[in-house]
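Everything below concerns the one structure shown next.
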Amino acid sequence: MTTRLDNRKVDELRKIKIELGVSKNAEGSCYLEWGKNIVIATVNGPKPVFPRHLADPQKAVVDYKYRMACFSVSERKSPVPGKRDKEISLVSGNALESAIMVEQFPNTLIDVNVLILSADAGTRVAALTAASLAAADAGLPMRGMISAVAAGRANEQLVLDLTKDEEDTADAVDMACAFLMPQKEIVLLQMDGFVKKEDCSKILENALIGAEKIYDIQKKALLEKYPLEGEIQL
Ligand code: CDP
């Protein structure tokens, strides 16, 4: 087995550091470092919807905005949201909505903002992982956490959590996956690259193993800020 470009094992995540409640102006917030990715997520709401016709009488509307700071990548990123930002915002908002009990808050808005301060591949999954924690930090009732990670192929081996250098290899496959945990429901699945059917299943299995590790890290971060008393099992 060849070693990875950053010497990690094939199933090893990059180092993750999480801090909750970092923004005093948001109801919930999360700062996340994941390898060389740096993300900040805030959640506000439920609050009134303007203009009113955008309200949904059945549930809260989750308005998820994924943005990259101009300085987050080596070539200056335009602050104007492009097609990629809008696509990521839409699919991520749908994924996060599946975790929040939106039906409890009809005719309201839940505002989710995620800013990528530094990007090194896997930013959409880092963003969702942080946004889910920010939603919990905001005290929203939730069915579970969204634990998201990318898995794929680089340099002829199946790997977990690709860096940008790995994503840029000739045979790269990058599958962004998000799971509602602990239910293990897939709530987001996107893929770049070409892959055989059997490798596709294996990559998905690797992603779930990664998501289980992410879920443990998320629970630890939540318990650090909100210690539980007694024998409650998360
Ligand atoms: O970040 P993620 O893997 O979710 O999305 P991607 O579209 O596959 O982008 C992979 C990486 O390309 C990003 O994390 C950035 O490091 C880089 N990128 C960039 O340099 N400039 C952009 N406008 C978009 C992405």
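Compute and list, largest first, the equivalent-ellipsoid semi-axes of the stretch 11-88 from the alpha carbon gyration tensor, each √(5λ) rounded to a whole angstrom.
Details: eigenvalues 151, 69, 31 Å².
Output for the stretch 11-88: semi-axes of 27, 19, 13 Å.
Extension gain for the segment residue 169 to residue 143, taken as residue separation times 0.36 nm less the Cα-Cα distance, is 5.6 nm to one decimal.
Applying the Kirkwood pairwise sum to the alpha-carbon positions of the stretch 174-222 produces a hydrodynamic radius of 11.5 angstrom.
Counting other Cβ atoms within 10 Å, which trypsin sites (Lys or Arg not before Pro) in the stretch 56-141 have at most 13 and lie in a DSSP loop?
Working: sites: 59, 65, 67, 76, 77, 83, 84, 86, 124; in loops: 76, 77.
Hits after loop and neighbour filter: 76.
Counting other Cβ atoms within 10 Å of each Cβ, which GluC sites (Glu not before Pro) in the stretch 110-181 have at most 15 and sit in a DSSP loop?
Working: sites: 156, 166, 167; in loops: 156.
Sparse-neighbourhood loop GluC sites (Glu not before Pro): 156.
Note on the chain: with a GNM built from Cα contacts shorter than 10 Å, the maximum mean-square fluctuation among 169, 108, 42 falls on 169.
For the stretch 36-131, the list of chymotrypsin sites (Phe, Trp or Tyr not before Pro) that fall in a loop by DSSP and count at most 14 other C-beta atoms within 10 angstrom reads 71. Name the residue, out of 122, 193, 144, whose mean-square fluctuation peaks in a Gaussian network model built on the chain with Cα pairs under 10 Å. The residue with the greatest mean-square fluctuation here is 193. Report the one residue of 112, 178, 162 whose Cα lies farthest in the direction of the positive end of the charge dipole of the stretch 16-224 (charges on C-beta: Lys and Arg +1, Asp and Glu -1; origin at the Cα centre). After comparing all options, I get 112. Only alpha carbons enter this Debye calculation for the stretch 16-224, each as an equal point scatterer, and the log10 of I(q)/I(0) it gives at q = 0.09, 0.10, 0.17, 0.18 Å⁻¹ is -0.33, -0.41, -1.15, -1.27.
All of the numbers you see were taken from the coordinates with simple rules; none came from a lab. Given the structure is predicted, the values throughout are model-derived calculations rather than measurements. Glycine gets a Cβ as well: all are built from the backbone with ideal geometry, and neighbour counts include every protein chain shown.
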